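Engineer: I am attaching a structure below and will ask some questions about it afterwards.
No value in this document is a laboratory result; all are computed from the given coordinates. Small disclaimer: the values here were computed from a predicted structure and weren't measured. All Cβ positions, glycine included, derive from the backbone under ideal geometry; neighbour counts span all protein chains shown.
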Amino acid sequence: MRIFGETKERMDKRQADRRQGAPGEREVQTRTAPAVERAQEMVVENLSAYYGNFKAITDVSMHIRPNKITALIGPSGCGKSTFIRTLNRMHEVAPGGRIEGRVLLDGEDIYARDVDPVRVRRRVGMVFQKPNPFPTMSIYDNVVAGLKLTRRRKKSELDEIVERTLRQAALWDEVKNKLSESGTSLSGGQQQRLCIARTLAVEPEVILMDEPASALDPISTQKIEDAMEELKERYTVVIVTHNMQQAARISDYTGFFYIENMGDPGRLWEFDETDKIFSNPGRKETEDYVTGRFG
Amino acid sequence: MTTRLTDVTSNYRRRKLVDSVMTGVAYVCTAVAVAALGFVLFYVVVRGLGAWNLEFFTSTTKYFGEGGGIANALYGTAVIVAFAALMGVPVGIMAGIYLAEYGENRLGNVVRFVADTMTGFPSIVLGLFVYGLLVLAYGFHGFAGSVALAVMMLPIVARTTEEIIRLVPDSIREASLALGVPRWKTILRVVIPTAMSGIITGVILALARVAGETAPLIFTILGNQFWNTDPFSGAMAAVSLFVFEASKSPYEAVQQTAWGGALVLVLIVLVLNLTARFIASRGSVR
Ligand SMILES: Nc1ncnc2c1ncn2[C@@H]1O[C@H](COP(=O)(O)OP(=O)(O)O)[C@@H](O)[C@H]1O
Ligand SMILES: [Mg+2]
């Protein structure tokens, strides 16, 4: 119940923010406000997700804490990607994609009837498994693409945002002298950090990452992990990972997805603090998985 | 019992033999195709270059006697193709975008079928169609030819645009959507720029395809030996039509200018194709 009490408070605050005059004013306010204020919690209630008639996950409930890193682990095919994509309504981009249940962002159901998915995605950003910079754009334009395509900004403001987000994504030093070169000219690891910077630039409240380091070399992976450590001071982070050590190292909470019988939909088998999941899991399958006995 | 690697070789020898024979056949076929093209080019250049001089490019067409050029025909081709592009290209591109992004339904399939049928349509029938549509009411004029050519371009532009937009990876679309960019803006500002060089290539190839068309012009612009700069009234000349008419002339000198006109047509198509290749080679999706 505490969860919902807190949510109510935040909702009131947000509404108060909204009432305060012009959008421009609010923009400035939120940017100068303490970081903690921007990160939001997400609450998932009895979520099932479908592709047409195929049910990919069923009955998932989860509380994603603000300013924490939540890791999602589990064998492949058990619905981790499907789940993370329901959190910013990217799931419905897939043919036949639909859900049952509720997903609350800061107390509001993102699937409520009048909610525009475009607005949800501005507040819940996403980094994909494969780096996907825009091929026609320079490094600079890639970073500010979301801003340029969604609202007007002054050039000086953009410059500042580019430097700040590239620093946050641990890429600034490598690209500061070639911002006008094509985004696709970078290495895979650099491209992925560019995609992280691009996501940060639109100032979301929650950042979703679906195996962001699975295709990268160890050094790039390290850099992304370092960057994430800092990200959680400003954002709520959800990350899918295949890498058990990575989950244990960086996350505060861990959710284990699992399919018991072939053909069943995936379930959230266990969800707890990361320490607990890795040292003293509540279910046998979780233990088997985190100790590498199957996977 | 072990076999040595060199045992059981008959099968391998046969394969190797068939391989070299087939490779030889492929080379010969390629040589024949290239030779045919080379011969046509060579012939047109040799016969056509002789007709090229200042008078050829500055005076109007003549069907008998000496001299004469293609100035009015060049002008006609340029204007007619330009108007055709003005009509056919935007509609074709928009149809292609529709097919690629929203066309996964019955209407999309119908449009696709119609476009493919139109691509294979005999061009003279298109000319007849426009004759009935415009010429009967307004007489022969250049714009009627543009309409016929635009109808020819439309399905080519639409289908190449569709194909090239489909080549844009979904991951790019998802990246944009996940930034909170609306679908229409994603298509307009991310997908189309990514596909742009391919779209332009398709447009140029469609231009090259119709620039040399003759049949649809016979019933629409008729041809004209004199200057007519107004595409909206009166018969007009075009290079392809001139080549067709002049080559039937008994006058040696007129036949000569027909070859000159043929060379001009070949060069136009060649330049357009080279431009298309150049643009395509610099694109993000090919
Ligand atoms: N676009 C899609 N259309 C239909 N089925 C899909 C699609 N994407 C994933 N699935 C199915 O949903 C299930 C969960 O997949 P996914 O969420 O990708 O799992 P994970 O990320 O844990 O490997 C799998 O059975 C997969 O085949
Ligand atoms: Mg996955």
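Engineer: Please find, in a Gaussian network model of chain B (springs between Cα atoms separated by less than 10 Å), the residue of B:THR77, B:THR23, B:THR201 whose mean-square fluctuation is greatest.
Structural biologist: Result: B:THR23 has the largest fluctuation of those listed.
Engineer: Cut-off 10 angstrom, C-alpha nodes, Gaussian network model of chain A. Which of A:SER76, A:SER156, A:SER187 fluctuates the most?
Structural biologist: Greatest mean-square fluctuation among the candidates belongs to A:SER156.
Engineer: As a test of the formula, what do you get for chain A when each DSSP H run with n ≥ 4 contributes -39,500 (n - 2.57) and the sum is divided by the residue count, at 222 nm and rounded to the nearest 500 deg cm²/dmol? The partial results should precede the final answer.
Structural biologist: Working: 12 runs with 120 residues, N = 295.
Only helices count here, giving -12000 deg cm²/dmol.
Engineer: Compactness ratio of the range B:54-281: Cα Rg over 2.2 N^0.38 Å, N = residue count? Mind dumping the intermediate values first?
Structural biologist: Values: Rg = 20.2 Å, N = 228, 2.2 N^0.38 = 17.3 Å.
Here the answer is 1.17, to two decimals.
Engineer: Hey, which lysines would be in cross-link range of A:LYS178, C-alpha to C-alpha under 24 Å, not counting anything within fewer than 8 residues on its own chain?
Structural biologist: Within reach: A:LYS130, A:LYS148, A:LYS154, A:LYS155, A:LYS223.
Engineer: Along the charge dipole of the range A:173-295, Cβ charges K/R +1 and D/E -1, which of A:PHE278, A:ALA197, A:GLY263 sits furthest on the positive end?
Structural biologist: Result: A:ALA197.
Engineer: Looking at the range A:239-290, which GluC sites (Glu not before Pro) are DSSP coil and have at most 11 other C-beta atoms within 10 Å of their C-beta? Present the calculation step by step, with values, prior to reporting the outcome.
Structural biologist: Working: sites: A:GLU260, A:GLU270, A:GLU273, A:GLU285, A:GLU287; in loops: A:GLU260.
Here the GluC sites (Glu not before Pro) that fit, given the DSSP loop and packing criteria, are A:GLU260.
Engineer: From the phi angles alone, apply the Karplus equation (6.51, -1.76, 1.60; θ = phi - 60°) to the range B:247-258 and give each ³J(HN,Hα) in whole Hz, x where the residue is Gly or Pro.
Structural biologist: 5, 8, 6, x, 6, 3, 5, 5, 4, 4, 5, 4
Engineer: Loop only per DSSP, at most 16 neighbouring Cβ atoms within 10 Å: give me the GluC sites (Glu not before Pro) in the range A:172-215, ordered by residue number. The partial results should precede the final answer.
Structural biologist: Working: sites: A:GLU174, A:GLU181, A:GLU205; in loops: A:GLU181, A:GLU205.
Loop-located and lightly packed - A:GLU181.
Engineer: Would you mind ranking A:LEU194, A:LEU104 so that the residue whose beta carbon has the fewest other beta carbons within 10 Å leads the list?
Structural biologist: Details: A:LEU194 26, A:LEU104 22.
Fewest-to-most Cβ neighbours within 10 Å comes out as A:LEU104, A:LEU194.
Engineer: Now, a different point. Viscosity 0.692 mPa s, temperature 37 °C: what is the translational diffusion coefficient of chain A from Stokes-Einstein with a Kirkwood Rh over Cα pairs, rounded to a whole number of µm²/s? Mind dumping the intermediate values first?
Structural biologist: Values: Rh = 19.8 Å.
After rounding, the answer is 166 µm²/s.
Engineer: Please report the orientation-averaged projected area of the range A:226-295, defined via the convex hull of its C-alpha atoms, in nm². Write out the running numbers ahead of the final one.
Structural biologist: On the way: hull surface 20.3 nm².
Dividing the Cα hull surface by four gives the mean projection, 5.1 nm².
Engineer: Antiparallel versus total DSSP beta bridges in chain A: what percent is that, nearest 5?
Structural biologist: Details: 24 of 42 bridges.
The antiparallel proportion sits near 55 percent.
Engineer: Shifting gears a bit: Karplus couplings for the range A:143-153 from phi (6.51 cos²θ - 1.76 cosθ + 1.60, θ = phi - 60°), rounded to Hz, Gly and Pro as x?
Structural biologist: These are the phi-based 3J(HN,Hα) values: 4, 9, 3, x, 5, 5, 7, 10, 7, 7, 9 Hz.
Engineer: If R₀ is 25 angstrom, what is the calculated FRET efficiency for the pair B:PHE57 and B:PHE121, using the beta carbon separation as r and rounding to 0.05? Please report the intermediate quantities before stating the final value.
Structural biologist: Values: r = 34 Å, r/R0 = 1.36.
Given R0 = 25 Å and the Cβ-Cβ separation, E is 0.15.
Engineer: Remind me, what semi-axes does the range B:1-133 give for its equivalent ellipsoid, largest first in whole Å, using sqrt of 5 times each Cα gyration tensor eigenvalue? Write out the running numbers ahead of the final one.
Structural biologist: Values: eigenvalues 500, 226, 33 Å².
Ellipsoid semi-axes (Å, largest first): 50, 34, 13.
Engineer: When the gyration tensor of the protein assembly as shown is built from Cα positions, what are the square roots of 5 times its three eigenvalues, in whole Å, from largest to smallest?
Structural biologist: Details: eigenvalues 757, 202, 101 Å².
Three semi-axes, in Å: 62, 32, 22.
Engineer: If you rank A:CYS195, B:CYS29 by fewest surrounding Cβ atoms within 10 Å, what's the result?
Structural biologist: Details: A:CYS195 27, B:CYS29 10.
Going from sparsest to densest Cβ surroundings: B:CYS29, A:CYS195.
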